[in-house]
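First up is the structure itself, then whatever we jot down about it.
The values are calculated or read from the model by the stated rules, or taken from the named source; none is laboratory data. For clarity, every value in this text was computed on a predicted model and none was experimentally measured. Methodologically, a virtual Cβ is constructed for each residue, glycine included, from the backbone with ideal geometry; neighbour enumeration extends over all protein chains shown.
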Amino acid sequence: MAVFQCNEVNSVFNHYPERCQKSLLTIRALIFDVASKTEGVGAITEMLKWGQPSYLTLETGSGTTIRLDRFGDSHVAIFFHCQTTLIDTFRTLFLELAYSKNRAIVLDPKNDLPIDKLSICIEMALIYKLMKKG
């Protein structure tokens, strides 16, 4: 697992309830893994935005911010910038995933994470600005 880039992010993860923490840490690791395998993304910058662990492509500017957090009392979510077309695209590709408006994929930490589908969604977010140029 990637080392935390700032203590504040580490602290947020440590304060999540155990049922959410495992899923969120798995998604965090997936973001770094997908980024390392995706051409043009470069290093991921990890920081807090709006009090949520956030992942940015500051080095290359290739993508849009991905944020992680709890969603209500029992779920977790991967948040994407609401002014992108990402969630609409994800809905077209993966009808079976749960969404919150045009801003998040919502997941139940009691269930296995759909890693393959999330990997595709994460990759699309990490290269969103490159796709818009092309």
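Can you list residue pairs whose Cβ atoms sit under 7 Å apart, with the first residue in the range 100-124 being touching a residue at least 24 places away in the same chain (Cβ under 8 Å) and buried (at least 16 other Cβ atoms within 10 Å of the Cβ) and the second being charged (D, E, K, R) and not in a loop (DSSP other than H, G, I, E, B)? Count only pairs 6 or more apart in sequence or on different chains. Going by the 7 Å Cβ cut-off, the qualifying pairs are Pro109/Arg19; Pro109/Lys22. Scanning the range 58-74 for residues that are in a strand (DSSP E or B) and either touching an Asp or Glu at 6+ places or on another chain (Cβ under 9 Å) or of a type outside the set (Asp, Glu) (or both) yields Ile66, Arg67, Leu68, Arg70, Phe71. One residue stands out among those in the range 91-122 that are assigned to a helix (DSSP H, G or I) and basic (Lys, Arg): the one that is farthest from Ile31 (Cα to Cα), which is Arg91.
The sole residue among Ala77, Ala125 that is part of a strand (DSSP E or B), under 28 Å from Val3 (Cβ atoms) and in contact with a strand residue (DSSP E or B) (Cβ under 8 Å, 6 or more places away or on another chain) is Ala77.
Is it the case that the range 54-75 has a residue that's in contact (Cβ under 8 Å) with a residue 60 or more places away in the chain, under 15 Å from Ser100 (Cβ atoms), within 10 Å of the chain's Cα centre (by Cα) and crowded, with 18+ Cβ neighbours inside 10 Å? Yes, there is a match, as at least one residue in the range 54-75 is in contact (Cβ under 8 Å) with a residue 60 or more places away in the chain, under 15 Å from Ser100 (Cβ atoms), within 10 Å of the chain's Cα centre (by Cα) and crowded, with 18+ Cβ neighbours inside 10 Å. Just one of (1) farther than 24 Å from Leu130 by Cβ; (2) out of contact with any strand residue (DSSP E or B) (no Cβ under 9 Å at 6 or more places or on another chain); (3) crowded, with 17+ Cβ neighbours inside 10 Å fails for Leu24. It is (2). The residues of the range 105-134 that are β-branched (Val, Ile, Thr) and either out of contact with any His (no Cβ under 8 Å at 6 or more places or on another chain) or more than 21 Å from His75 (Cα to Cα) (or both), listed by number, are Ile105, Ile115, Ile120, Ile122, Ile127. Taking the conditions (1) modelled with pLDDT under 95; (2) part of a helix (DSSP H, G or I); (3) buried (at least 17 other Cβ atoms within 10 Å of the Cβ) in turn, Val34 satisfies each one other than (1). State yes or no: is Ile87 closer than 18 Å to Leu30 by Cα, modelled with pLDDT of 95 or more and aliphatic (A, V, I, L, M)? No.
Consider the range 39-53 and keep the residues that are of a type in the set (Gly, Ala, Ser) and farther than 14 Å from Val12 by Cα. The one that is surrounded by the most Cβ atoms within 10 Å (Cβ to Cβ) is Gly42.
Selection of the range 1-31 for residues being closer than 22 Å to Gly63 by Cβ, in contact with a helix residue (DSSP H, G or I) (Cβ under 7 Å, 6 or more places away or on another chain), assigned to a helix (DSSP H, G or I) and without any contact (Cβ under 8 Å) to a residue 40 or more places away in the chain yields only Leu25. Does Asp88 qualify as being closer than 22 Å to Trp50 by Cα and loosely packed, with under 15 Cβ neighbours inside 10 Å? No; evaluated as a whole, the condition is false for this residue.
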